[in-house]
1. Among the candidates GLY71, GLY46, single out the residue that is more than 30 Å from ILE274 (Cα to Cα), surrounded by fewer than 22 Cβ atoms within 10 Å (Cβ to Cβ) and more than 16 Å from the chain's Cα centre (by Cα).
2. Would region 223-231 turn up any residue that is surrounded by fewer than 22 Cβ atoms within 10 Å (Cβ to Cβ) and closer than 24 Å to HIS337 by Cα?
3. Taking region 126-177 as the search range and keeping residues that are modelled with pLDDT under 85 and among the polar types (S, T, N, Q), which one is nearest to the chain's Cα centre (by Cα)?
4. Does THR192 satisfy the condition of being closer than 20 Å to ILE9 by Cβ, among the hydroxyl-bearing types (Ser, Thr, Tyr), in a loop (DSSP other than H, G, I, E, B) and in contact with a strand residue (DSSP E or B) (Cβ under 9 Å, 6 or more places away or on another chain)?
5. Within region 413-424, can one find any residue that is assigned to a helix (DSSP H, G or I), buried (at least 19 other Cβ atoms within 10 Å of the Cβ) and assigned by TED's automatic domain parsing to the domain that holds ILE248?
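The values are calculated or read from the model by the stated rules, or taken from the named source; none is laboratory data. These numbers come from a predicted model, not from an experiment. All Cβ positions, even for glycine, are placed from backbone atoms using ideal geometry, and neighbour counts span all protein chains on display.
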Amino acid sequence: MITVIGAGIAGLSFAKALEGGNVVILEQDSRIGGKAATYKINTPHGVFTFDIGGHWFHRRHHPEVLPLLGGLRLQEHVRYAFVHLDGTKIPFPVQQHYASLGDKELVRRIDDELQSIRSSMPSAFRNYDDMLRKSYGRTLYEKFFKPYNSKMYGINDLQEIRLGGYEGVRNVRLDKSTQGYNPTFLYPPGDTGAIGIPLALGEGLPIQHTVKVQSIRLDNRSMTAGGKKSHWDRIVSTMPLRELVDIIEDAGPAIKEAARELKASRGMILNLGIRKKPANSGISWMYIPDMKYRFYRIGFYSNVEPALAPEGFDAVYVECSPLFFSDENEARALLPHIADDLAELGIIDSPEDIVVSDAVYLPLNYCLPAPETTSLIRSYLERHGIYSIGRYGSWHWSSQHEDMKQAMDLARRIEKDDSRNGLRQR
């Protein structure tokens, strides 16, 4: 028997991919999906459907994960993403569309810098800041990449951020034929929302809800979950790696210390129902690098799927920057200021255009890459029969399709190892 901790995308995908294997999934919440959740709010104007931020399904690099979703029908959408820069809305990626800016001298300077980069692009970078500077040039770095990433991660000095395994996917270089990993994306049609994907993955799987794993021991392979002690054969965990090590009572002191060094950003998703404006039509999402605004990205659920908002209104998410708060109370205190920011930006005409507002605080949002540390911890855990996967289990940046692929690969690896060793899942 394999015990899976967490009924999010990665945990469900592993259980689904493990052909003929017996698993039990322990989920601490009453619902599945983790951050890929959907909820509805009734208002006098109608029902708004919200996710916890933009969970658009990208499958360009790993289309092989789609069969895990069974008969779920997904609608394909073209990405209409923009960057709000110097008061101008230009298409994303900025490094391919900066000529839309009105300042000819600025455009000429960017041209010169990018031309120089094309002839001398280094093959390796010291850190995240070094990668941004040397990939896009000083002007785009200062105008967009530095402020945007600082707002997203909540870190002013981007040299503190290491490079992770997916940075080459996230950051579109200079080839104009390359539109990034998400020029199109999939999303459940109708008013289902992002939860449609974990619901499809979880169909028929043995999930125990409201069962929180409190402690794990390696020496006798025991755990306490939901207040009950039990034995485990193998564990596939999708809980945050830092928290997983913390509850393993007899993990080595060096591993405990390494886990404490793992860092992540906070976050807050502000879900809004707003009166529809023609100027917002067609925007999938928009990046906001300007430091005077307290958010770094705005997305329009209902521009992707109109059924998510009543007629005449939009369902919107605003990703708030942790540069402006250090805890949940400070985050929620920002809400009136964010309404003013949205009005100044032109997303709404006035705060009165907001007809419903709901904030979701995220104590853990983006993991800061630490490849050597996470490799050390995960290798140690695997030697004891524990596999840690997913965005938070691997402590890296990833999208749903990458987490699904990682889960599928682990299932295949376990099946192959068991076959080689003459073992059967039990």
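1. Details: GLY46 fails: more than 30 Å from ILE274 (Cα to Cα).
Going through GLY71, GLY46 in turn, the sole match is GLY71.
2. Checked against the condition, which is being surrounded by fewer than 22 Cβ atoms within 10 Å (Cβ to Cβ) and closer than 24 Å to HIS337 by Cα, region 223-231 yields no hits at all.
3. First, the residues of region 126-177 that are modelled with pLDDT under 85: 163-177.
Narrowing the set further to residues that are among the polar types (S, T, N, Q) leaves 171, 177.
On the way: ASN171: 15, SER177: 25 Å.
If we take residues in region 126-177 being modelled with pLDDT under 85 and among the polar types (S, T, N, Q), then ASN171 is nearest to the chain's Cα centre (by Cα).
4. Working: closer than 20 Å to ILE9 by Cβ: yes; among the hydroxyl-bearing types (Ser, Thr, Tyr): yes; in a loop (DSSP other than H, G, I, E, B): yes; in contact with a strand residue (DSSP E or B) (Cβ under 9 Å, 6 or more places away or on another chain): yes.
For THR192, the condition - closer than 20 Å to ILE9 by Cβ, among the hydroxyl-bearing types (Ser, Thr, Tyr), in a loop (DSSP other than H, G, I, E, B) and in contact with a strand residue (DSSP E or B) (Cβ under 9 Å, 6 or more places away or on another chain) - is met.
5. Filtering region 413-424 down to residues assigned to a helix (DSSP H, G or I) leaves 413-420.
Filter once more, so that each one left must be buried (at least 19 other Cβ atoms within 10 Å of the Cβ): 414.
Checking the rest, the ones that are also assigned by TED's automatic domain parsing to the domain that holds ILE248 come to 414.
Yes; the residues of region 413-424 include at least one that is assigned to a helix (DSSP H, G or I), buried (at least 19 other Cβ atoms within 10 Å of the Cβ) and assigned by TED's automatic domain parsing to the domain that holds ILE248.
This table checks each residue for (1) of a type outside the set (Val, Ile, Thr); (2) in contact with a strand residue (DSSP E or B) (Cβ under 8 Å, 6 or more places away or on another chain).
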| position | (1), (2) |
| --- | --- |
| LEU368 | yes, yes |
| ARG378 | yes, yes |
| ILE389 | no, yes |
| MET404 | yes, no |
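Listed here are the residues, each with its yes/no results for (1) at pLDDT below 95; (2) touching a strand residue (DSSP E or B) at 6+ places or on another chain (Cβ under 7 Å); (3) over 26 Å from TYR148 (Cβ atoms).
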site	(1), (2), (3)
ILE283	no, yes, no
TYR287	no, yes, no
ALA309	no, yes, yes
ASP314	no, yes, no
VAL318	no, yes, no
PRO322	no, yes, no
ALA331	yes, yes, no
ILE354	no, yes, no
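Quick grid of which residues meet (1) outside any loop (DSSP other than H, G, I, E, B); (2) in contact with a strand residue (DSSP E or B) (Cβ under 6 Å, 6 or more places away or on another chain); (3) among the basic types (Lys, Arg):
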site: ALA7; (1), (2), (3): no, yes, no
site: LEU12; (1), (2), (3): yes, no, no
site: ALA15; (1), (2), (3): yes, yes, no
site: ASP29; (1), (2), (3): no, no, no
site: GLY33; (1), (2), (3): no, no, no
site: LYS40; (1), (2), (3): yes, yes, yes
site: PHE48; (1), (2), (3): yes, yes, no
